[in-house]
1. With respect to the cross-link table entries Lys89/Lys201; Lys150/Lys201; Lys89/Lys123; Lys123/Lys192, which display a Cα-Cα separation exceeding 18 Å?
2. So what is the diffusion coefficient of the chain in µm² per second by Stokes-Einstein at 37 °C and 0.692 mPa s, using a Kirkwood Rh over Cα pairs?
3. Which percent of Cα pairs goes in each bin when the distances of the stretch 86-208 are cut into 5 angstrom slices starting at zero?
4. Of all DSSP beta bridges located in the stretch 94-196, what percent are antiparallel, nearest 5?
5. Determine the calculated [θ] at 222 nm for the chain from helices alone, applying -39500 (n - 2.57) to every DSSP H run no shorter than 4 residues and normalising by the residue count; nearest 500 deg cm²/dmol.
6. If we restrict to alpha carbons, what Rg and Dmax does the stretch 148-199 come to, in Å?
7. Count charges around Thr195 for me, please; just the other residues with Cβ under 14 Å from its Cβ, Lys/Arg as +1, Asp/Glu as -1.
Amino acid sequence: MLTTPFNKSYMAYKRTEHFDEQTTSGLITSYKQAIHLLGEDPEREGLQKTPERVAKAMQYMMQGYQTDARMILDSAKFHEPISEMIVVKDIELYSMCEHHMLPFFGKAHVAYIPNGWITGLSKIARVVDVYARRLQVQERLTIEIMSAIKETLNPIGVAVVIEAKHLCMMMRGVQKQNSVTTTSAFDGEFQKNSTRSEFLKLITARLS
Ligand SMILES: [Zn+2]
């Protein structure tokens, strides 16, 4: 049994600072107009550079479209004859709700039971990131992570649980400040009650 509380330092892969010029200038124009339509003056000192900052921040947060999660897993596949459950828990997650373009954030917990092939633990976190950095709904995000692992590592089972808070719920409408949305996807061996509860017990257990 291998349980890994997810270490933040895994996330420190290189930040993309390369932005497509045409995309950036188109976004700048749009955000300037949006600021104006919302009743502000985009030329006001504090806002002058805002459209450009937002244009770049949004491209950074949407960079998942440029990356193929399956390629990440395929490029770091190792043959290893183990069939113990591998759990990577507490993977920090930041995504953007596709209905309101507002963030949702929380934690992902991923487990798989290898069938001859394993991948680096940091690669699991990268896969979470690749799908999170797109316009998403939490349900689809959960399934996309599961499917990528299932199709590349062909494991005996895969499980993904995501717990997240949605700013679109917290800041507008229902204003349920503390409600956490939990989604899950189980495949193969994890469809069995005993395997699934072992996984759920592991991700809810506190280590110290
Ligand atoms: Zn929303």
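1. Beyond 18 Å between Cα atoms: Lys150/Lys201; Lys123/Lys192.
2. D, rounded to a whole number, is 176 µm²/s.
3. It works out to 2, 12, 22, 22, 18, 12, 8, 3, 1, 0, in whole percents.
4. Of the beta bridges lying entirely in the stretch 94-196, close to 90 percent run antiparallel.
5. -11500 deg cm²/dmol
6. Spelled out, the Cα radius of gyration and Dmax of the stretch 148-199 are 15.4, 42 Å.
7. Numbers: positive: Lys192, Arg196, Lys201; negative: Glu84, Asp187, Glu189, Glu198.
With Lys, Arg at +1 and Asp, Glu at -1, the neighbours total -1.
We did not get these values from a lab; they are worked out from the coordinates using the rules stated. In this text the structure is predicted, and so the values were computed from the model without any measurement. Using ideal geometry, Cβ is built from the backbone for each residue, glycine included, and neighbour counts are taken over all protein chains shown.
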